[in-house]
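Report on the structure given below.
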Amino acid sequence: MPSTRSPRRLTREARREQLVAAALPVVADQGFTEFSLEEVAAHADVTRNLLYHYFPRGRPDVAVAVVELAGRELTDDWVFDELPLPERVAANFARMSAHALAPSDAWRVYRRARTAAEPELDQIVATFTEMVISSIALNHLGTPNPPALVHLALTGFLAFAETTLDEARTRNAPAPAVMQLLADTLGATIRAATEA
């Protein structure tokens with residue numbers, strides 16, 4: 001029977017990516033204060049000492065890397081192309097709802113990071129939140145830099161949308177109705193902020 005062990009000679013970047021990918025479900029399950037480096041090492045089929053080679057501070061460095069990975073998984077492939085706006089909005093909400101309603105490990109890590117009250121994680125979350133706000137503004141206003149009031153409104157909308165998606169999952173709400181609610185709320189939010 002062939003071995004399922006990972007190759008031992010990966011490039012430094014490939015090995016680090018492997019370790020972060022192995023840590024993602026562990027942190028999603030156990031949280032930032034409880035996750036075990038031993039379990040991360042076991043998932044990656046490496047020693048704990050090797051983790052310290054790539055993450056010298058141990059758990060804090062792993063946590064930062066995992067939140068960065070989660071943010072990329074949630075924000076990569078945002079749709080900006082020539083599709084009509086309603087189709088772009090639908091595609092972007094469908095992508096986020098797929099993460100939220102499952103929920104994916106990336107979604108669970110991101111949601112944990114939102115409430116972790118750790119300055120390094122707060123900064124990463126803020127960076128990805130800004131990416132989403134810029135993306136929404138680009139799609140709706142034609143600029144990645146919305147006016148201050150629109151930025152404020154979009155920040156509030158994102159918090160609403162995240163909570164709505166989590167509640168929709170726990171209450172088994174119909175996904176199409178939730179997506180329509182979010183699309184309508186986003187449109188109303190942008191209209192109200194631009195008219196104010």
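The values are calculated or read from the model by the stated rules, or taken from the named source; none is laboratory data. Just so it is clear, the model here is predicted, and its values are computed rather than measured. All Cβ positions, even for glycine, are placed from backbone atoms using ideal geometry, and neighbour counts span all protein chains on display. Just the protein is used for accessible areas: all its heavy atoms, side chains included, with ligands, DNA and RNA removed. Shrake-Rupley method; radii C 1.70, N 1.55, O 1.52, S 1.80 Å.
When only Cα pairs under 8 Å and 6 or more residues apart are kept, what is the percent relative contact order across region 1-143? It rounds to 25 percent for region 1-143. Taking a point 7 Å out from the Cα of Ala192 in the direction of its Cβ, the residues of region 154-179 whose backbone N falls within less than 17 Å of it are 154-164.
Short-range pairs are left out: with C-alpha atoms under 8 Å and at least six residues apart, the relative contact order of region 82-196 is 30 percent.
Using 0.36 nm per residue and subtracting the Cα-Cα separation, the extra length available between Asp81 and Ala148 on full extension is 21.6 nm. For the chain, a crude dipole built from +1 on the beta carbon of Lys and Arg and -1 on the beta carbon of Asp and Glu, taken about the Cα centre, is about 520 debye to the nearest 20. Would you mind telling me the share, in percent, of accessible area of region 23-182 contributed by carbon and sulfur at probe 1.4 angstrom? Carbon and sulfur: 58 percent of the exposed surface of region 23-182. The simple Förster model, with R0 at 35 Å and r as the Cβ-Cβ distance, assigns Arg48 and Arg114 a FRET efficiency of 0.80. For region 108-189, the solvent-accessible area of protein heavy atoms averages 51 Å² per residue (probe radius 1.4 Å; ligands and nucleic acids excluded). Computed over the alpha-carbon pairs of region 1-142, the distance histogram in 5 Å steps reads 2, 10, 18, 19, 16, 13, 10, 7, 4, 2, 0, 0 percent, short to long.
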